[in-house]
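S.K.: Before anything else, here's the structure in question.
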Amino acid sequence: MTSFSLAFHGFMRVGEITVDCKNKQMHTVKFENIKLCDARLEVLLTSSKTDQFGSGTTIVISKQKNKNVCPVQIMANFMKVRPPYLGPLFCHFDGSPLTRYQFSALLKRSLSVIGIENNGFKSHSFRIGMATTCALEGISDEQIKEMGRWKSQAFLRYIRI
């Protein structure tokens, strides 16, 4: 699922890819803020939890060799079938946005289908997973902090080796 891929590879917070139950879109990535290039995906976050003044930041996600897990390829495929509505990137065919509840329910169901149940995985697991992956690959703490858009040392709690 494209939302899972973006959540992982972009260190995304669930509020950056979904709306809440009241359809609030404070920090939600918009369709018009996605730029696909040959070798990368650029995601403009116009605001975020750590950017309350809306200075904005661009997340750059590089292409990977394995097309089955390449976030650039996954997004390109998604964009071909996504309904032609402006607004939240992840939406249903009627244009209604993906909610936090739906994202979490899809995650739970997807894990259940592959035989992983009652495991403690939540929407925040994608940030934890990417921070941990980066640490295991030898990426410096400072780089992980920057890539995950952390302003404090809180990112250290996300690294689970």
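Table: residues versus (1) surrounded by 17 or more Cβ atoms within 10 Å (Cβ to Cβ); (2) under 21 Å from His124 (Cβ atoms); (3) at pLDDT 95 or above; (4) in contact with a Pro (Cβ under 9 Å, 6 or more places away or on another chain).
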| position | (1), (2), (3), (4) |
| --- | --- |
| His9 | yes, yes, yes, yes |
| Asp20 | no, yes, no, no |
| Ser55 | no, no, no, no |
| Met75 | yes, no, yes, no |
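S.K.: Another question about this same structure. Kindly establish whether Glu16 is among the charged types (D, E, K, R), within 24 Å of Lys151 (Cβ to Cβ) and in a helix (DSSP H, G or I).
M.R.: Here the answer is yes, as Glu16 does meet what is asked.
S.K.: In addition: Please state which of the following conditions Phe53 fails to meet, knowing it meets all the rest: (1) of a type outside the set (Gly, Ala, Ser); (2) under 23 Å from Ile128 (Cα atoms); (3) over 13 Å from the mean Cα position of the chain (by Cα).
M.R.: Only one criterion is unmet by Phe53, namely (2).
S.K.: Can you name the number of the only condition in (1) outside any loop (DSSP other than H, G, I, E, B); (2) closer than 16 Å to Gly148 by Cα that Phe11 fails?
M.R.: The failed condition is (1).
S.K.: Among the residues of the range 133-161, count how many are more than 21 Å from Gly15 (Cα to Cα) and of a type in the set (Ser, Thr, Tyr).
M.R.: Qualifying residue count, the range 133-161: 2.
S.K.: Let me ask something additional. Only one of Phe78, Phe31, Phe4, Phe93 is more than 27 Å from Cys134 (Cβ to Cβ) and under 15 Å from the mean Cα position of the chain (by Cα); which?
M.R.: Phe31
S.K.: Could you figure out which of (1) without any contact (Cβ under 8 Å) to a residue 24 or more places away in the chain; (2) under 29 Å from Val113 (Cα atoms); (3) among the polar types (S, T, N, Q) isn't true of Ser5?
M.R.: For Ser5, the exception is condition (1).
S.K.: Checking Met26 against (1) of a type in the set (A, V, I, L, M); (2) part of a loop (DSSP other than H, G, I, E, B); (3) over 25 Å from Gly95 (Cα atoms), only one condition comes out false. Which one?
M.R.: Every condition holds for Met26 apart from (3).
S.K.: Looking only at the range 77-99, how many residues end up being among the aliphatic types (A, V, I, L, M), touching a Leu at 6+ places or on another chain (Cβ under 9 Å) and open to solvent by 30 Å² or more (accessible area, probe 1.4 Å)?
M.R.: Count: 1.
S.K.: While we're looking at this one, here's another question. So how many residues does the range 100-133 have that are open to solvent by 20 Å² or more (accessible area, probe 1.4 Å), touching a Ser or Thr at 6+ places or on another chain (Cβ under 7 Å) and either of a type in the set (A, V, I, L, M) or at pLDDT 95 or above (or both)?
M.R.: Result for the range 100-133: 0.
S.K.: Next question, about the same structure. Pairs only if they're at least six apart or on different chains, beta carbon under 9 angstrom, first in the range 137-161 and under 21 Å from Lys122 (Cα atoms) and open to solvent by less than 50 Å² (accessible area, probe 1.4 Å), second of a type in the set (Val, Ile, Thr) and in a loop (DSSP other than H, G, I, E, B); list them, first residue then second.
M.R.: Going by the 9 Å Cβ cut-off, the qualifying pairs are Ile144/Ile159; Arg149/Thr50; Trp150/Thr50.
The values are calculated or read from the model by the stated rules, or taken from the named source; none is laboratory data. All of these numbers come straight from a predicted model, not from anything done at the bench. Using ideal geometry, Cβ is built from the backbone for each residue, glycine included, and neighbour counts are taken over all protein chains shown. Surface areas here come from the heavy atoms of the whole protein model, side chains and all, with no ligands, DNA or RNA. Shrake-Rupley method; radii C 1.70, N 1.55, O 1.52, S 1.80 Å.
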